[in-house]
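Chemist: My structure is below; once you've seen it, I'll send some questions.
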Amino acid sequence: MRAALFCAWLLVLGVGCGNAFAQDTAAAEAAHRAAVLAHLPPDAAQRVFGRELTPVAGLPQAIGAYERGCLEGAVALPADGPNWQVMRPSRNRAWGHPVLISFLERLAQQLPVEAGWPGLLVGDIAQPRGGPMLTGHGSHQVGLDADIWLTPMPSRRLSAAERDEMPATDVVAADGNDVDEATWTPQHRRLLEAVAREPGVARIFVNPAIKRALCRAAGTDRGWLTKMRPWWGHNYHFHIRLSCPSGQPECRSQVPPPPGDGCGKELDWWFTPEARHPPSRPAKPLLLADLPPACGRLVAAP
Ligand SMILES: [Zn+2]
């Protein structure tokens, strides 16, 4: 059922569906890309940005909004670091704004001490020039969003094949009402709290059941819960969104989340039939003309 929900959400965002998931294996991902490509108009932004294999050099610029923009001067998170490993490397989505990449590197190294979390398995960040993707995301377009697996990093280095094939850990119970006690640990809570307390983080997207567990476990110091935003899916990974860095005039920030811990009525809604069966509208792909003009110049660059 969660697959259907995620699909509906993708349609709402105009991303298209085809049952694409962040945790898909390389073969499933390739099949979804081919299926999406077969139906897209030639000037669809997903098609144009999805075929770019290299970044555009230059001063790093996050251009536009998280779900409607692109990225100049991207850098790649190295496949391996002291406390991280990049997953699904064949997707070529480990590119990001340098501010996000250095944030992830620093975060990964402080988490073992801060949260008892051994390191980050990093999922999709952005394409070499940002922009909409053929599969899986409405946002991740300006290089300030990153998906982090809810699987703790193993103590050994995974092979490239393992990174493309290894299944991710689902921490939500089958009925979607709460976390799965078999896979959810206190370290998950500490990890998410540590990330939320980072000043550059604007929002973190998690499954509503995860937010429910965080609300239940938090004590009186609850300010960090504001950034924890319930969203469909996000049961295999969570999504970190940074605020627009300074000196980025073309980066469009999002209004801050409403004040409060978001644990009351707002969270309850996510468990209603209305939330579980959102209306699905026909997918309307973003065209290049829907993005800021600077994005058109970015894909035309060599
Ligand atoms: Zn994401």
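Chemist: Could you check how many residues of region 91-110 are within 13 Å of the ligand (Cβ to nearest atom) and open to solvent by 20 Å² or more (accessible area, probe 1.4 Å)?
Modeler: Residues meeting the conditions: 0.
Chemist: Let me ask something else about it. Could you check region 239-253 and list, in sequence order, the residues that are open to solvent by 60 Å² or more (accessible area, probe 1.4 Å) and touching a helix residue (DSSP H, G or I) at 6+ places or on another chain (Cβ under 7 Å)?
Modeler: Answer for region 239-253, where residues must be open to solvent by 60 Å² or more (accessible area, probe 1.4 Å) and touching a helix residue (DSSP H, G or I) at 6+ places or on another chain (Cβ under 7 Å): just Glu250.
Chemist: OK, next. Which condition breaks for Ile148 when tested against (1) within 15 Å of the ligand (Cβ to nearest atom); (2) part of a helix (DSSP H, G or I)?
Modeler: Result: Ile148 passes all but (2).
Chemist: Which count do you get for residues in region 254-297 that are open to solvent by 80 Å² or more (accessible area, probe 1.4 Å) and closer than 30 Å to His97 by Cα? Show your work before the answer.
Modeler: From region 254-297, those open to solvent by 80 Å² or more (accessible area, probe 1.4 Å) are 255-256, 259, 265, 268-269, 273-274, 277, 279, 281-282, 284, 289, 293, 297; that's our starting set.
In the following step, the residues that additionally are closer than 30 Å to His97 by Cα were identified as 255-256, 259, 284, 289, 293, 297.
Residues that pass the stated criteria total 7.
Chemist: If you check Leu242, Leu286, Leu267, Leu291, which single one turns out to be at pLDDT below 95 and among the hydrophobic types (A, V, I, L, M, F, W, C)?
Modeler: On the way: Leu242 fails: at pLDDT below 95; Leu267 fails: at pLDDT below 95; Leu291 fails: at pLDDT below 95.
So the residue among Leu242, Leu286, Leu267, Leu291 that is at pLDDT below 95 and among the hydrophobic types (A, V, I, L, M, F, W, C) is Leu286.
Chemist: Please identify the pairs in which a residue from region 105-119 that is in a helix (DSSP H, G or I) and of a type in the set (S, T, N, Q) has its Cβ atom under 8 Å from the Cβ atom of a residue that is modelled with pLDDT of 95 or more and open to solvent by less than 40 Å² (accessible area, probe 1.4 Å), counting only partners at least 6 apart or on another chain.
Modeler: What qualifies is Gln109/Gly81; Gln109/Asn83; Gln110/Ala194.
Chemist: Quick one: is Val113 away from the ligand (no atom under 13 Å from the Cβ) and either within 14 Å of the chain's Cα centre (by Cα) or not acidic (Asp, Glu) (or both)?
Modeler: Working: away from the ligand (no atom under 13 Å from the Cβ): yes; either within 14 Å of the chain's Cα centre (by Cα) or not acidic (Asp, Glu) (or both): yes.
Yes: the conditions hold for Val113.
Chemist: Additional query: Of (1) in a loop (DSSP other than H, G, I, E, B); (2) open to solvent by 10 Å² or more (accessible area, probe 1.4 Å), Ala34 satisfies all except one. Which?
Modeler: Ala34 satisfies every listed condition except (1).
Chemist: Next question. Counting just the residues of region 196-246 that are without any contact (Cβ under 8 Å) to a residue 40 or more places away in the chain, closer than 21 Å to Val142 by Cβ and of a type in the set (Lys, Arg), which one comes out farthest from the ligand (Cβ to nearest atom)?
Modeler: Filtering region 196-246 for residues that are without any contact (Cβ under 8 Å) to a residue 40 or more places away in the chain, closer than 21 Å to Val142 by Cβ and of a type in the set (Lys, Arg), the one farthest from the ligand (Cβ to nearest atom) comes out as Lys227.
Chemist: Can I ask one more? Here are the criteria: (1) surrounded by 20 or more Cβ atoms within 10 Å (Cβ to Cβ); (2) farther than 18 Å from Leu150 by Cα; (3) at pLDDT 95 or above. Tell me which single one Thr135 does not satisfy.
Modeler: (3)
Chemist: Checking the structure you have, find out if any residue of region 72-85 is on the phi > 0 side of the Ramachandran plot and either within 16 Å of the ligand (Cβ to nearest atom) or touching a Ser or Thr at 6+ places or on another chain (Cβ under 8 Å) (or both).
Modeler: Residues of region 72-85 that are on the phi > 0 side of the Ramachandran plot, as a first pass: 73.
Add one more test, that the residue is either within 16 Å of the ligand (Cβ to nearest atom) or touching a Ser or Thr at 6+ places or on another chain (Cβ under 8 Å) (or both), and what stays is none.
No, region 72-85 contains no residue that is on the phi > 0 side of the Ramachandran plot and either within 16 Å of the ligand (Cβ to nearest atom) or touching a Ser or Thr at 6+ places or on another chain (Cβ under 8 Å) (or both).
Chemist: Is there any pair with a first residue in region 170-184 that is more than 18 Å from Phe21 (Cβ to Cβ) and a second that is of a type in the set (Lys, Arg) whose Cβ atoms are under 7 Å apart and which are 6 or more apart or on different chains, and what are they?
Modeler: Final answer for the pair search is Asp178/Arg212.
Chemist: For region 225-302, list the helices (runs of 4 or more DSSP H) that sit wholly inside it and hold at least 2 residues that are within 30 Å of Asp180 (Cβ to Cβ) and out of contact with any Cys (no Cβ under 7 Å at 6 or more places or on another chain); which are they? Break it down stepwise before answering.
Modeler: Details: elements: 265-269, 273-276, 293-300.
In region 225-302, the matching helices (runs of 4 or more DSSP H) lie at 265-269, 273-276.
Chemist: Sticking with this one: Are there any pairs, at least 6 apart or on different chains, whose C-beta atoms fall under 6 Å, with the first in region 42-56 and open to solvent by 10 Å² or more (accessible area, probe 1.4 Å) and the second modelled with pLDDT of 95 or more and of a type in the set (Gly, Ala, Ser), and if so, which?
Modeler: The qualifying pairs are Pro55/Ala74.
The values are calculated or read from the model by the stated rules, or taken from the named source; none is laboratory data. Worth saying up front: this structure is predicted, and the values here are computed from it rather than measured. Here Cβ is always computed from backbone atoms with ideal geometry, including for glycine, and neighbour counts include all displayed protein chains. Heavy atoms of the whole protein, side chains included, go into the accessibility calculation; ligands, DNA and RNA do not. Shrake-Rupley method; radii C 1.70, N 1.55, O 1.52, S 1.80 Å.
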